[in-house]
Structures are given as structure tokens and as C-alpha cells.
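This report concerns only the one structure given below.
Only the coordinates and a few stated rules stand behind these numbers; no lab work does. Quantities reported herein were computed from a predicted structural model and do not represent experimental measurements. Note that we place each Cβ from the backbone using ideal geometry, even for glycine, and neighbour counts take in every protein chain shown.
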Amino acid sequence: MADFSWDVRSPLDRTLVAGPYGVQGDAGVALTEIRNFDLVQVMARRGKASEMAQTAQARFGVAAPETPKAVGASDATLIWSGPDQFFMLSKGGKHSIEALAPVFAGSASLSDQSHARALINVSGEKARTMLAKLSSIDLHPDVFGVGAAAATSMDHTSVTLWRGTDRNGQVVFNLLVFATFAQSLWHTILDSAAEYGVTIGHSEDLA
Amino acid sequence: MRITCPFCGERELGEFTYLGDAKPQRPAADASEEAVYDYVYLRDNIAGVMSEHWYHGGGCRAWLKVTRNTLTHEISAVEPAAGAGAAKVGA
């Protein structure tokens, strides 16, 4: 009998070419794909929203977002994804669906999205200018501050977008996109970013 | 046209899908054939203010009840349709 070994690969594995792209010189946009994360969708069962919120508070030490926001806990990020639901993003299996299922039993339905989404980190001086071509929502820092999140569409593709902590004084956006749409959106992002010069890479680290 | 989602804020039309008239109510199980026929097939073609169901599929995936003037596209109210998450809004 044949032995099967599943080779876990990123949906962008064949598409992402690390290095410079577009206009040469100082890159205005840095694109980093984050690989190998735990992502669990947590959705309150009917009438159990407050129970779910209490469980989340006890488990992660922070209140789950009730409005479009991303909340950082010590070892996880909770990102609003709709009314009475959020994504739990983490690494290393501590908050895998197997670990969370008994915790939220009765109050929420969980769905493992770890291999169903690609996570793209967008930073650099021109990050917002580039995203403005793809998004119809206002990403100006006065409106979309650190920790702001949105369930929205880019290039007709549903995405979860949130602003992370600034890095080296620069704004950082995070994008979760369906795995099967990741290549398509990736190409659109590259087209939009090419005129500013791009640095492409991938990483195993959330941040 | 833009719709202000009660959960997400103001968003472009492309994120939403139109379902139709929000007025028809499912008749009781013992209702007459005529009442069921009316519920399933007959719709008013309103020129003016009407109540509609919209789905925010490109965003938070909530169903919304939108009050819209079909002549001017002016939207006077948006509220969550009954269902998950709706209980908290406005509470």
C-alpha cells in the first residue's frame, strides 16, 4: 500500500518570488507572506454571545473585539470578522482548533482556517497609497489607526484587513485572503505596487 | 450608491447583494392557498420608499434590512435583519 505524506505548502508557494520587483531603487512597498499559522474562526452560537466573550476573555486575557478591530493578546491576535464572531490568529499550536474546541464547547462554533487563508503583510512608505488602488475604504491613519480592522473586498475578493503595530516608524497592514484567491490577489497587488518598487519575502513570524 | 452597514460602516455597493422585498411575511401553516400564492409569487413594484433585504457578502456577511427610495436611491434606514448578531445592535 502506498504511503502518503502530506506536504504542507503555502497557496503562494509557486507564485511568490522573493526579492525585488517593479521599479528599481528604494522599494516603496514591502510584501511579506506569513506562513504556518494557526487561524480559527470563532462564531457565537445563538444567544451565546456573552458566554463566548467571557470564555475568550478567560482564555486570551483580552476582550474579544465587538466592533471592527484587531486586539493583541500575549500569544494571539483576535480579529473581528463579523457580528458575534472573530478570528483567532496564533502560532505554535497552543491555540489550535484542537486546543480551543473544548474551551468554547457550548458557546461558539469553531472552524479551522489555518490552511484556508493566506496571510500577507504589507508595509513600506507607499503601502497605503498602493492599497488605496484596491480598497474603497479610507485607510488614512486618522480613521484607520493601529488595531483598526475591516471585513471588506479588494478586487472583488473578500479579505480581512487590519492595521498592525507600526514597524520602524512605518504603517503595517495585514491581509487575510482565501487560499484559492491568494494568487489572484497577489498578482493584483504586485501590479498595483510595481510603480513604487517592491521588496518581496516570506516569513514564519507573526508580527 | 453606498450602504452604511450597521456593523462595518459605509461601504460601496459592490460589497452587497440585493435579495428583494423585505415586506412579505411567511403565512401560517394553515393559511389559505391564496395567501401562500401571494407570499411566494406576488410582489409590489414600488416607485418610492421600500424595505429591502441586502446581504453584505463582501464584508461581514450580515443580512440587512434597508429602507430605500427606488426613485432617488436615497437610503433612509439600515438595520440588521433578524438573526445572529442582530440582537446586540441598538441594545
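Grab the DSSP H runs of chain A that are 4 residues or longer, score each as -39,500 (n - 2.57), total them, divide by all residues and round the 222 nm result to the nearest 500 deg cm²/dmol.
Numbers: 4 runs with 41 residues, N = 207.
Result for chain A, helices only: -6000 deg cm²/dmol.
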Exercise. Classify chain B: rounded, prolate or oblate, from the alpha-carbon gyration tensor (a ≥ b ≥ c, eigenvalue square roots; a/c under 1.5 rounded; otherwise prolate if a/b is larger than b/c)?
Worked result: oblate
Exercise. Can you give me the relative contact order of the stretch A:1-138 as a percent, contacts being Cα pairs under 8 Å and 6 or more apart?
Worked result: 33 percent
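Below 8 Å between Cα atoms, with a sequence gap of 6+, how large is the relative contact order for the stretch A:38-112 in percent? Mind dumping the intermediate values first?
Values: 138 pairs, mean separation 31.4, N = 75.
With pairs under 8 Å counted, the relative contact order is 42 percent.
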For this session: Spit out the partnerless Cys residues in chain B, using Cβ distances under 4.7 Å as the pairing rule.
Result: B:Cys60
Exercise. Straight-line reach from B:Lys65: which lysines have a Cα under 27 Å away, not including same-chain ones fewer than 8 places off?
Worked result: A:Lys48, A:Lys69, B:Lys23, B:Lys88
For this session: Any chance you could give the angle, 0 to 90 degrees and rounded to 10, that helix A:179-193 forms with the longest Cα principal axis of chain A?
Result: 30 degrees
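Counting pairs of alpha carbon atoms under 8 Å apart in space and at least six apart in sequence, what relative contact order in percent does chain B give? If you can, show how the numbers build up before the last one.
Values: 141 pairs, mean separation 24.6, N = 91.
Relative contact order for chain B comes out at 27 percent.
What is the mean number of Cβ atoms from other protein chains located within 10 Å of the Cβ atom of each residue in peptide B:55-62, rounded to a whole number? All intermediate terms of the calculation are to be shown ahead of the outcome.
Values: counts 0, 4, 2, 9, 11, 9, 6, 4.
The per-residue average across the peptide is 6.
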